[in-house]
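Data block below; observations after.
Values quoted throughout were computed directly from the atomic coordinates according to the rules given, and no laboratory measurement underlies them. Note that the structure is predicted; figures quoted are calculated from it, not measured. Virtual Cβ from ideal backbone geometry, glycine too; neighbours counted across all protein chains shown.
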Amino acid sequence: MTIQKWIVRIHKWIALIVGLQIVLWIAGGLVMSAIPIEIVRGEHKIEERSPVLLNTETLLPIASAAEKIGSSAVTSAKLGEMLGTPVWRIVDENSKTVIVDAETGDILSPLNETLARQIAEHDYNGEAASISVKQLDKPPTEYNKPGPVWRVGFDDRDKTTIYVDPSLGEVTARRSETWRFFDFFWKLHVMDYDDGADFNHPLLITAAGMAVFVSLSGFILLIIKMRRSLILWKSNRRKEIKKSTNQQIG
């Protein structure tokens with residue numbers, strides 16, 4: 001069997017194997033380019049609010065806040081706000097984050113169900129109401145972070161789901177049917193069918209290498225076929241010219 005026949009045979013089998021994946025790559029690329037990433041991330045559903053102005057004269061000093069949580073050492077402390085209220089987010093010597101009301105000194109974390117719902121509704125700018133609130137110790141793969149976390153669902157067409165970290169008092173993820181549709185094609189695209197986070201794994205690299213081989217071998221076979229067609233055309237052309245010349249002489 002000639003080298004060309006071997007190339008043709010290998011080309012056909014590899015094309016058959018990776019052909020479906022190539023279609024999925026193209027479909028995934030179409031979906032990812034057609035849907036704006038801001039829509040996928042749910043940024044269009046974030047309520048825009050003015051920055052909260054903090055009166056530093058009335059705020060609880062960091063040392064007093066640390067005493068409230070019974071911490072003898074502080075790794076880091078960040079002054080921010082939660083539902084319009086100034087809060088300290090303190091990381092103690094055990095790497096545990098505690099939220100302290102910067103006005104009253106009340107410890108607000110871990111968040112209860114009421115606060116988690118309020119934070120999600122404060123973040124959401126749609127008209128739908130929240131219909132479910134549940135704390136998850138083992139969140140689904142769509143959250144892509146360890147728990148625990150509060151999951152708040154909204155009754156809109158896109159089935160918006162907002163995840164609230166009970167230790168930080170912040171929204172840490174926004175999910176929707178649009179996100180899940182996008183994520184489905186993303187997993188097919190990168191061939192990571194678990195959480196879609198790994199796009200450097202052997203399966204994807206192997207499939208991509210096979211697809212490159214199919215493309216290059218197909219290009220080579222096309223050149224060979226075109227060259228043969230050109231030679232055949234020239235041969236037939238010479239025959240026609242010779243035949244025409246003989247007829248004129250005769």
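Quick notes on this one:
- Helix axis angle, 202-249 relative to the chain longest principal axis, alpha carbon, degrees: 20
- Using alpha carbons only: equivalent-ellipsoid semi-axes of the stretch 103-250, gyration tensor based, whole Å: 69, 18, 10
- Shown for D158, D194: other C-beta atoms within 10 Å of each C-beta, ranked fewest to most, produce the order D194, D158.
- Summing charges over neighbours of W186, with a neighbour being any other residue whose Cβ is under 11 Å away from its Cβ, gives -1 when K and R count +1 and D and E count -1.
- Modelled FRET efficiency - R0 51 Å, L54 with E177, Cβ distances, 0.05 increments: 0.85
- Using a simple spin-label model with pseudo-atoms 7 Å out from Cα toward Cβ, I14 and F199 lie 2.3 nm apart.
- Across the stretch 110-151, the fraction of Cα-Cα pairs farther apart than 14 Å, rounded to a whole number, is 51%.
- Counting every alpha-carbon pair across the stretch 50-109, the share separated by more than 12 Å comes to 61%.
- Over 24 Å between alpha carbons, listed pairs K159/K187; K145/K187; K78/K159; K68/K96: K78/K159
- Across the alpha-carbon atoms of the chain, the computed radius of gyration and Dmax are 31.8, 118 angstrom.
- When its C-alpha radius of gyration is set against 2.2 N^0.38 Å (N residues), the stretch 6-134 gives a value of 1.80.
- With contacts taken as Cα pairs under 8 Å at a separation of at least 6 residues, the stretch 123-191 carries a relative contact order of 22 percent.
- What the Cβ-Cβ distance of T75 and L30 gives, at R0 = 51 Å and to the nearest 0.05, is a FRET efficiency of 0.65.
- Within the stretch 83-148, the proportion of C-alpha pairs whose separation exceeds 19 Å stands at 48%.
- Inverse mean reciprocal Cα-Cα distance (Kirkwood Rh) of the stretch 75-118, Å: 10.8
- Separation between Cα centres of the stretch 75-131 and the stretch 1-35, rounded to whole Å: 51
- Reachable aspartates and glutamates, given that their alpha-carbon falls under 20 Å from the alpha-carbon of K134 and they are not under 8 places away in the same chain: E113, E121, D123, E142, D155, D156, D158, D165, E170, E177
- Taking Cα atoms only, the orientation of helix 3-34 departs from the longest principal axis of the chain by about 40 degrees.
- In units of the compact-protein estimate 2.2 N^0.38 Å, the stretch 164-237 shows a Cα radius of gyration of 2.12.
- Per residue of the chain, the DSSP helices (runs of n ≥ 4 H) give a summed -39500 (n - 2.57) that works out to -16000 deg cm²/dmol at 222 nm.
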